[in-house]
Every structure is written in structure tokens, then in C-alpha cells.
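The structure under discussion appears below in the form of C-alpha cells.
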Amino acid sequence: MSPPGTQCSTSRALTRASLSRGAQALAEIDADLARILNRLGEPPLWGRRPGFPALVQIILEQQVSLAAARTMYRRIHAHIGGMTARGIHELKVDGLRKLGLTRQKAAYCHGLAALILKGDLDLAAAARGPDDAGRLALLAVPGLGPWSVDIYYITALRRPDVWPQGDLALAAALFEVKRLRALPTREEQQDLTSGWAPWRSVAARILWAHYLAARGRYDAPSPAAFS
């Protein structure tokens, strides 16, 4: 990840233009990534609007398929007519359980809503401030571990140089693309991806695209040549 305290929210958010620059830079230094880009083109930004709904979505995505998480998110959204901290808080844990959440995820979502309503967690301030301080604030929230916070920084705040710790799809993609003998550990992933700074978030998107394409689940954008 980028050095602590060096990034602010909007000025450092990845854009389509900077994603293109990052993809080109990665293609020039890594032949495996260049092959994916030549085959699939630039990956999507896969962004989300920062805030409470994005964090709820990330909590729901923990240890389940993205399709299952989307279904659950839509069910809650439809039930309360939106995705707000007050709506989640008023449902309480039992109400969330009745909508299909596990007790643990219901407690996480309800607890997150309570922190925001009490003013103990200011997501806008966390995004505006130094990344190290913002990450610590989010990591202190029950249910938001390193993977969840990394995904929030990649997809919602769109930081350009984050490698998500513990992402199983990326571990599988590295295993395939780098022709490894076993799935790489978190430490091995850090070693393998260190040379991709300051564009590790772009590399993650490229490898997510490979992972989905290899499993027939990638809706590829218009291809672009990288050589």
C-alpha cells in the first residue's frame, strides 16, 4: 500500500484516465499482466459510492458469492426503502435476521449503523484525512477486517495503490497467471505485487477480470491493445 498519510479522498481517486495510465505502466513491466490486457482490454473501474451503503455491501460479501450478497442487499434495500444507517438501526438485529442475514452479519450491520448515528464514526472525515488514520478508524469497527477495509479503499475511495489482503479470487488469479505451485499466502502476495506499486489497485482489477473471464463470468468492455 501507499505510504501512510499521503493520500486524500477525491484528489487521489482512480479515474478512467488514471486507470488507463496505470494499466499501460503495468503492461510495460509485467508480461503476464500485458497478456491479460491484450486479451481482455482494460478492466472496469468497479467503483461504488463511498459511505454507509458501500460498507454494508462489503460486509454482506464476506465469505459468500457476490451474487448472494447482491440478493441480500436488494432485499434489505427494498424492505426499508433505501440503505440508511437509521433504517438498519431501527430494524435491529432480529429484524435483519428475519431478512436472511446471519446473526453475525446482522450484528455487524446494526453496530455500524449505531456508530454512525452516534457520531462515533465519520466516514466523510475518514475519507478526507490521511489514509492511515482512516484505515485505523474503519478497522476499529466490528466486522471490518483488513480485507473489508482494503475493498472499501479500492472500490469506494478508489485509491490507486491498494492490494486487498486475503482476497481469494486474487490469490487464485495469481496462482494461474504466475504459474505457481500453490496458492500464494498473504506474505507471498505482498512480495509478488510489490513491483506493481503505485498501481496495485489497477493490477487487482486486471486480475479480477482474468479470474472472471476464466470462469465465464466476465462481461468484457471494448478491447484495447497493450504491448
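Some observations on this one:
- Between the helical axis of 200-214 and the longest alpha-carbon principal axis of the chain there is an angle of about 90 degrees.
- Of G81, G143, G22, the residue with the greatest mean-square motion in the GNM of the chain, using alpha carbon springs below 10 Å, is G81.
- Taking A182, A25, A156 as the candidate residues, the one with maximal mean-square fluctuation in a Gaussian network model of the chain, Cα springs under 10 Å, is A182.
- Sorted by Cβ density within 10 Å, fewest first, the residues L170, L99: L99, L170
- Average projected area [Cα convex hull, the range 52-156], square nanometres: 6.0
- Residues of type aspartates and glutamates that K105 reaches as a straight line, Cα spacing below 14 Å, ignoring anything fewer than 8 places off in the same chain: E61, D94
- Dipole in debye (nearest 20) - the range 119-204, about Cα centre, beta carbon charges: Lys, Arg +1; Asp, Glu -1: 280
- In terms of other Cβ atoms within 10 Å, R186, R179, R205 run from fewest to most in the order R179, R186, R205.
- Sites T185 and A67, calculated FRET efficiency, Cβ-Cβ separation with R0 25 Å, nearest 0.05: 0.35
- Convex hull per residue volume in Å³, alpha carbons only, for the range 94-227: 165
- Debye, to nearest 20: dipole size of the range 69-227, +1 on Lys, Arg Cβ, -1 on Asp, Glu Cβ: 640
- Arranged from fewest to most other beta-carbon atoms within 10 Å of their beta carbon, T155, T193 become T193, T155.
- Residue among K118, K105, K178 with the largest mean-square fluctuation in a Gaussian network model of the chain, springs linking Cα atoms under 10 Å: K118
- For the range 52-156, the Cβ-based charge dipole about the Cα centre amounts to some 500 debye (Lys, Arg positive; Asp, Glu negative; other atoms uncharged).
The numbers here are math on the coordinates, done by the rules we state, and not lab data. Note that the structure is a prediction, hence the values are computed from the model and not measured. In this analysis, Cβ positions are derived from the backbone assuming ideal geometry, glycine residues included, and neighbour counts consider all displayed protein chains.
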